[in-house]
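In what follows, a structure is listed as structure tokens, so that the remarks can point back to it.
The values are calculated or read from the model by the stated rules, or taken from the named source; none is laboratory data. Values in this document were obtained by computation on a predicted structure and should not be read as measured data. Don't worry about glycine lacking a Cβ; one is built from the backbone with ideal geometry, like all the others, and counts go over all protein chains shown. In case anyone asks, the SASA skips ligands and DNA or RNA and just uses the protein heavy atoms, side chains included. Shrake-Rupley method; radii C 1.70, N 1.55, O 1.52, S 1.80 Å.
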Amino acid sequence: MTGYLQEIIHMRKEILLSYFTKITPKRYHNLIAMFKNLDNAWQGKFDDYKKIGWDDELITEFLKWRSAVDEEKIEKILKQEKIHCLTKDDAEYPPLLKEIYDPPFCLFVRGELKPSEFTLAVVGPRKYTSYGKQITEELTRDLAGQGITIVSGLALGIDSIAHQATLNANGITAAVLGTGINRAHIYPAIHKQLAEKIIAGGGAIISEYPPGTLP
């Protein structure tokens, strides 16, 4: 990936902050409002964080985590897993995602997020009927064939059917996970191969959670 290490260095603080388990979009924006940027926020003292409304327990936990976080290890894992990270300032960041109330300040991506005028989320239950499977396959196949990017969650059932039907139609699909997107933590594990097919087909695996995050 061109400029991969430069990208990691440029966005290091957003990436690192994503690894703090108690960070939220609101707390992130509080940091930016107080310190103007994350480089300044990273140098903050106990009393500085008190000013943005963090309680003593949270501040103590954050400072302890900050002093122990292993930047080199994180960079190594991201490089090995071919994971790149996007912030809201990046052109690849999904434009519609910016419009929700609390968009993630950092996205972890394996594969490629291609600009698409039309995207459609196809989700459904893990337990499905034969009719549900048939309709999902037919609708998804036809939509993907028209250039619509199909987005789902890689879950068992309808989600995986939607992904596979898109791939069968040579379409583009993206999976949004609630876990880390490194190979060892793809969930459910039975869909690790499907995840690789999605990436090989020109799509992406996406999460707001850093590598290693469990379900």
Practice problem: Per DSSP H run of n ≥ 4, the term is -39500 (n - 2.57); total these for the chain, divide by its residue number, and report the mean residue ellipticity at 222 nm rounded to 500 deg cm²/dmol. | Solution: -12500 deg cm²/dmol
Quiz item: Per-residue HN-Hα couplings for segment 198-214, Karplus 6.51 cos²θ - 1.76 cosθ + 1.60 at θ = phi - 60°, whole Hz, x for Gly and Pro?
Solution: 4, 5, 5, x, x, x, 8, 10, 10, 7, 8, 9, x, x, x, 5, 8
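Could you give the length gained on full extension between ASN168 and THR60, defined as 0.36 nm per residue of separation minus the Cα-Cα distance, in nm?
33.8 nm
Can you give the FRET efficiency to the nearest 0.05 for LYS36 and ARG183, using r as the Cβ-Cβ distance and R₀ = 35 Å?
On the way: r = 37 Å, r/R0 = 1.06.
Working from the Cβ atoms, E equals 0.40.
For a quick protection proxy, order the peptides 183-192, 168-177 by their average other-Cβ count within 10 Å, most packed first. The partial results should precede the final answer.
Working: 183-192: 15.7, 168-177: 21.5.
Listed from highest to lowest mean packing, they are 168-177, 183-192.
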Quiz item: Can you work out ³J(HN,Hα) from phi for every residue in segment 24-29, in order, using Karplus 6.51 cos²θ - 1.76 cosθ + 1.60 and θ = phi - 60°, giving whole Hz and x for Gly and Pro?
Solution: 9, x, 5, 5, 4, 5
Self-check item: HN-Hα J in Hz across segment 105-118 - Karplus 6.51, -1.76, 1.60, θ = phi - 60°, x for Gly and Pro
Solution: 7, 8, 10, 9, 9, 10, x, 10, 8, 8, x, 9, 5, 10
Quiz item: Considering only protein heavy atoms, what per residue accessible area in square angstrom results for segment 1-139 with a 1.4 angstrom probe?
Solution: 66 Å²
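With a/c under 1.5 counting as rounded, go ahead and sort segment 105-215 into rounded, prolate or oblate using the C-alpha gyration tensor (a ≥ b ≥ c being the square roots of the eigenvalues; past the cut-off, prolate if a/b is larger than b/c, else oblate).
Values: a/c = 1.98, a/b = 1.30, b/c = 1.52.
Here segment 105-215 falls in the oblate category.
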Practice problem: List every residue whose amide H lies under 5 Å from the amide H of LEU154, counting only residues 5 or more places away in sequence or on a different chain, with H placed 1.01 Å from N in the peptide plane. | Solution: VAL176
Quiz item: Carbon-plus-sulfur fraction of the accessible area of segment 60-169, 1.4 Å probe, in percent?
Solution: 54 percent
